[in-house]
1. Tell me the residue from LEU193, LEU189, LEU154, LEU182 that is surrounded by 15 or more Cβ atoms within 10 Å (Cβ to Cβ), outside the structural domain of LEU253 (by TED's automatic domain parsing), modelled with pLDDT of 90 or more and part of a helix (DSSP H, G or I), please.
2. Tell me whether the range 246-263 contains one or more residues that are modelled with pLDDT under 95, surrounded by 13 or more Cβ atoms within 10 Å (Cβ to Cβ) and not assigned by TED's automatic domain parsing to the domain that holds ILE28.
3. Quick check on my filter: what residues within the range 59-98 are within 18 Å of GLU194 (Cα to Cα), surrounded by fewer than 18 Cβ atoms within 10 Å (Cβ to Cβ) and of a type in the set (S, T, N, Q)?
4. Looking for something buried (at least 21 other Cβ atoms within 10 Å of the Cβ) and among the acidic types (Asp, Glu) - is there at least one such residue anywhere in the range 198-217?
5. Report whether or not LEU193 is in contact with a Gly (Cβ under 7 Å, 6 or more places away or on another chain) and in contact (Cβ under 8 Å) with a residue 60 or more places away in the chain.
6. What pairs come up if the first residue lies in the range 77-106 and is within 18 Å of GLY22 (Cα to Cα) and in contact (Cβ under 8 Å) with a residue 12 or more places away in the chain, the second is of a type in the set (Val, Ile, Thr) and surrounded by 12 or more Cβ atoms within 10 Å (Cβ to Cβ), and their beta carbons are under 7 Å apart, counting only those six or more places apart or on different chains?
7. If you check ILE71, ILE11, which single one turns out to be aliphatic (A, V, I, L, M) and under 25 Å from ALA161 (Cβ atoms)?
8. Checking HIS205 against (1) under 27 Å from LEU273 (Cα atoms); (2) in contact with a Phe, Trp or Tyr (Cβ under 9 Å, 6 or more places away or on another chain), which single condition isn't satisfied?
Amino acid sequence: MLTRKQKHILIKFFSMFSVVRGYNILIIVLAQYLTSIFILAHNKSLRHVIFDINLFMLVLASVATIAGGYIINNFYDSEKDLINRPIKSKLDRLVNQNTKLSFYFVLNFIAVIFASYVSFRSVIFFSIYIFGIWFYSHKLKKLPFIGNLTSAILTITPFFAVFIYYKNFESVIFVHATFLFLVISMRELTKDLENIKGDLALDYHTIPVVYGEKVSKYMLTILSFLTLIPIMLLLIKFEIGQMYVFFYLSIFLLTVFLWLLWKSKTKTHYLILHNILKFIIVFGVFCILLIDINRILNRLI
């Protein structure tokens, strides 16, 4: 049996894990490594990529920065989350704001230390990334269009870190990045629809608040069709191995998304739409393995 003190520590741990969204961070770490192995450094041995200390440090710097970003975002959104996510908000509030801010500064300092192991340019990169997250949380997220665009860019920034490190400028990488960027942009706009109640109450000038739900739905429809462009390019022009299964599934899910979108009216409906897009992103990470299964076996040697 756990003592009262141990239970208290465990509850605090789960609260902090919820604040930094540890489950999202684990997916990002996996995505960075799989992207490095199968796309960015596909010409290097599997052992070389996995045991590359510089890559490891860049991933750790990303983890610390993203965790810090979730903390500062949670700090600024605490009142809004009470309206939009009351249950999660109660769990998050088990750790007081001063403790969260202390963790925020410590994590950012650690991120810079990890980055400094790789190069001074990495320090500059992550310093700008840290500032960008803070400025987004403090100012930009309350603005229509700019907030959505900035959020999508900040979400894919950790991949730019490893992209710059490997200096691989193959066109297929940019097409993959475009697909990811468009789906993330859709997710951000869908989240705004989902959270419109809290945004209205606290004067967040998001696209649904300023222009209405109908305009937001038209924008999501346009983004859905734009997403088909990188999908078709990847299916027709580039060698993606068995990953074609994922992209055909994405087309089906985006069709379902659009059908449900125009029938959606409540927060629960928009939550379902949000989860469809989240599934596409997360499942896509695991499907990177399908680019070339045989390559895994060959590169183990």
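1. LEU154
2. Taking every residue of the range 246-263 in turn, none turns out to be modelled with pLDDT under 95, surrounded by 13 or more Cβ atoms within 10 Å (Cβ to Cβ) and not assigned by TED's automatic domain parsing to the domain that holds ILE28.
3. Residue satisfying the conditions is SER78 alone.
4. Within the range 198-217 (the criterion being buried (at least 21 other Cβ atoms within 10 Å of the Cβ) and among the acidic types (Asp, Glu)), the answer is yes, since at least one residue qualifies.
5. So LEU193 does not fit the description; no.
6. Listed pairs, sorted by first residue: ASP92/VAL19; LEU94/ILE11; VAL95/VAL19; LYS100/VAL19; LYS100/ILE71; PHE103/ILE71; TYR104/ILE71; TYR104/ILE72.
7. ILE71
8. HIS205 satisfies every listed condition except (2).
The values are calculated or read from the model by the stated rules, or taken from the named source; none is laboratory data. Here the structure is a predicted model, which means the values were calculated and not measured. Positions of Cβ are generated from backbone atoms using ideal geometry, with glycine treated the same way; all protein chains shown enter the neighbour counts.
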